[in-house]
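*Asks:* What follows is a single structure, and I will ask about it in a moment.
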Amino acid sequence: MPGIGTSEGRPRGLQDFVGRRLGMAIASGVLPSGTRLSPAKLADELGVSHIPVREALIALEAAGQVKRIPGSGFFVAELSIEDIEDVYHWRQVLEDEAHRMAVPKLETADLARMRQFNDRIRVAVQDHDTSGFVELNRAFHFVPFERAGSAHLMRFITSLWDAAERYQNTMAFIKVPRNLLQEQHDSLMEAFEARDVGAVNGWMARHRLVTLEAIRRIQAAAAVSDPDVDSSGRPRD
């Protein structure tokens, strides 16, 4: 399986190391929907024993990125419109609450970091750097999430962003105008600097909807073009 057998950035916890590598490979599409995940093969490629691999697969199953079929093994979970709608619903609920907690506590250094990320996002948009845009977009939004000060909330939001990233990378970002996303980021930056929670959550709702609507359009087009095949190109049950 290309792109996952590297020890770069390897942390002490082997389960965390394996989970992060698999999560990145799933989110980026290196491991597409329906791929069978052999614990033995993954252990060999990642240079670890099968125990942390199975633990990581179980954790990814709990996060909804992996599906276990009794008697068959582990597989990358399929994409579905019902799943992404659920992901985005809970993103709104938790992100709105995170902003209510975080925005009043934002420090000058936090806003400076966000401005730097926003400036770099603008360059990524101009350079048509999709991978750079994705990485910087996440870094920008996670500054206030972290300022909320709740480890549990961060875990939930991180899991939802990881789930959404699969759809964004494989579907939506190629269809969403980057200049529109940049304009929304600029408005968000102004709202954060004004410490206006209502404006922040209003712009975030618009920001999420742009990508979600792109995913909906792609799903609808796939259903019309071939009603027997889902948006990932696999036969429907």
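*Asks:* When you check Ile157 against the structure, is it closer than 26 Å to Val66 by Cβ, under 19 Å from the mean Cα position of the chain (by Cα) and at pLDDT 95 or above, yes or no? Spell out the reasoning first.
*Replies:* Details: closer than 26 Å to Val66 by Cβ: yes; under 19 Å from the mean Cα position of the chain (by Cα): yes; at pLDDT 95 or above: yes.
It is true that Ile157 is closer than 26 Å to Val66 by Cβ, under 19 Å from the mean Cα position of the chain (by Cα) and at pLDDT 95 or above.
*Asks:* Being aromatic (Phe, Trp, Tyr), farther than 21 Å from Ala164 by Cβ, in a helix (DSSP H, G or I) and touching a Ser or Thr at 6+ places or on another chain (Cβ under 9 Å), is that true of even one residue in region 12-24?
*Replies:* As a first pass, look at region 12-24 and keep what is aromatic (Phe, Trp, Tyr): 17.
Adding the requirement that they be farther than 21 Å from Ala164 by Cβ leaves 17.
Restricting the remaining residues to those that are in a helix (DSSP H, G or I) gives 17.
Checking which are touching a Ser or Thr at 6+ places or on another chain (Cβ under 9 Å) leaves us with 17.
Within region 12-24, one or more residues are aromatic (Phe, Trp, Tyr), farther than 21 Å from Ala164 by Cβ, in a helix (DSSP H, G or I) and touching a Ser or Thr at 6+ places or on another chain (Cβ under 9 Å).
*Asks:* Pairs needed: first member in region 104-123, within 14 Å of Glu193 (Cα to Cα); second member anywhere, in a loop (DSSP other than H, G, I, E, B); C-beta distance under 9 Å; at least 6 residues apart or different chains.
*Replies:* That search, which allows pairs on different chains as well, returns Pro104/Arg195; Lys105/Ala148; Lys105/Gly149; Leu106/Arg195; Met114/Leu106.
*Asks:* Going through region 115-164 one residue at a time, which ones are touching a Phe, Trp or Tyr at 6+ places or on another chain (Cβ under 8 Å) and over 15 Å from Glu95 (Cβ atoms)?
*Replies:* Phe117, Asn118, Ile121, Ala124, Val125, Thr130, Phe133, Val134, Leu136, Ala139
*Asks:* Would you call Val103 surrounded by 17 or more Cβ atoms within 10 Å (Cβ to Cβ), of a type in the set (A, V, I, L, M, F, W, C), touching a helix residue (DSSP H, G or I) at 6+ places or on another chain (Cβ under 6 Å) and in the same structural domain as Leu31 (by TED's automatic domain parsing)?
*Replies:* Details: surrounded by 17 or more Cβ atoms within 10 Å (Cβ to Cβ): yes; of a type in the set (A, V, I, L, M, F, W, C): yes; touching a helix residue (DSSP H, G or I) at 6+ places or on another chain (Cβ under 6 Å): yes; in the same structural domain as Leu31 (by TED's automatic domain parsing): no.
Answer is no for this residue.
*Asks:* Based on this model, can you work out whether Ala43 counts as over 24 Å from Trp161 (Cα atoms) and without any contact (Cβ under 8 Å) to a residue 40 or more places away in the chain? Step through it out loud before you land on a result.
*Replies:* On the way: over 24 Å from Trp161 (Cα atoms): yes; without any contact (Cβ under 8 Å) to a residue 40 or more places away in the chain: yes.
In short, yes.
*Asks:* Kindly evaluate Leu79 against the criterion of being crowded, with 18+ Cβ neighbours inside 10 Å and assigned to a loop (DSSP other than H, G, I, E, B). Walk me through it before giving the result.
*Replies:* Numbers: crowded, with 18+ Cβ neighbours inside 10 Å: yes; assigned to a loop (DSSP other than H, G, I, E, B): yes.
The answer is yes for Leu79.
*Asks:* Can you run down the residue pairs with Cβ atoms below 7 Å, 6 or more apart or on separate chains, where the first is in region 138-159 and closer than 21 Å to Ile84 by Cβ and the partner is outside any helix (DSSP H, G or I) and among the aliphatic types (A, V, I, L, M)?
*Replies:* Ser159/Ala63
*Asks:* Any residue that is at pLDDT below 90 and within 28 Å of Val87 (Cα to Cα) - is there at least one of those in region 33-44? Give the derivation first.
*Replies:* Start the filter on region 33-44 by keeping residues that are at pLDDT below 90, which leaves 33.
Imposing the further condition that a residue be within 28 Å of Val87 (Cα to Cα) reduces the set to 33.
Taking every residue of region 33-44 in turn, at least one turns out to be at pLDDT below 90 and within 28 Å of Val87 (Cα to Cα).
*Asks:* How many residues does region 109-141 contain that are modelled with pLDDT under 85 and either surrounded by 17 or more Cβ atoms within 10 Å (Cβ to Cβ) or assigned to a helix (DSSP H, G or I) (or both)?
*Replies:* 7
*Asks:* Output the residue which, of all residues in region 178-228 that are over 19 Å from Val103 (Cα atoms), loosely packed, with under 15 Cβ neighbours inside 10 Å and touching a helix residue (DSSP H, G or I) at 6+ places or on another chain (Cβ under 7 Å), is modelled with the lowest pLDDT.
*Replies:* Asn179
*Asks:* So for region 65-79 (the condition being without any contact (Cβ under 8 Å) to a residue 24 or more places away in the chain and either closer than 30 Å to Arg147 by Cα or assigned by TED's automatic domain parsing to the domain that holds Val210 (or both)), does at least one residue qualify?
*Replies:* No, the conditions are met nowhere in region 65-79.
*Asks:* Next question, about the same structure. Take the residues in region 9-51 that are among the charged types (D, E, K, R) and surrounded by fewer than 18 Cβ atoms within 10 Å (Cβ to Cβ); name whichever of them is farthest from Gln65 (Cα to Cα). Please lay out each step first, then the result.
*Replies:* So in region 9-51, the residues among the charged types (D, E, K, R) come out as 10, 12, 16, 20-21, 36, 41, 44-45.
With surrounded by fewer than 18 Cβ atoms within 10 Å (Cβ to Cβ) added as a condition, the list becomes 10, 12, 16, 20, 36, 41, 44-45.
Details: Arg10: 21, Arg12: 23, Asp16: 15, Arg20: 12, Arg36: 12, Lys41: 19, Asp44: 21, Glu45: 20 Å.
Checking each candidate, the answer is Arg12.
*Asks:* Six or more apart or on different chains, Cβ under 6 Å: which pairs go from a residue in region 203-222 that's under 19 Å from Glu190 (Cα atoms) to one that's among the aliphatic types (A, V, I, L, M) and assigned to a helix (DSSP H, G or I)? Could you list them?
*Replies:* Trp203/Leu188; Trp203/Ala191
The values are calculated or read from the model by the stated rules, or taken from the named source; none is laboratory data. Owing to the predicted nature of the structure, the values given are computational and were not obtained by experimental measurement. Positions of Cβ are generated from backbone atoms using ideal geometry, with glycine treated the same way; all protein chains shown enter the neighbour counts.
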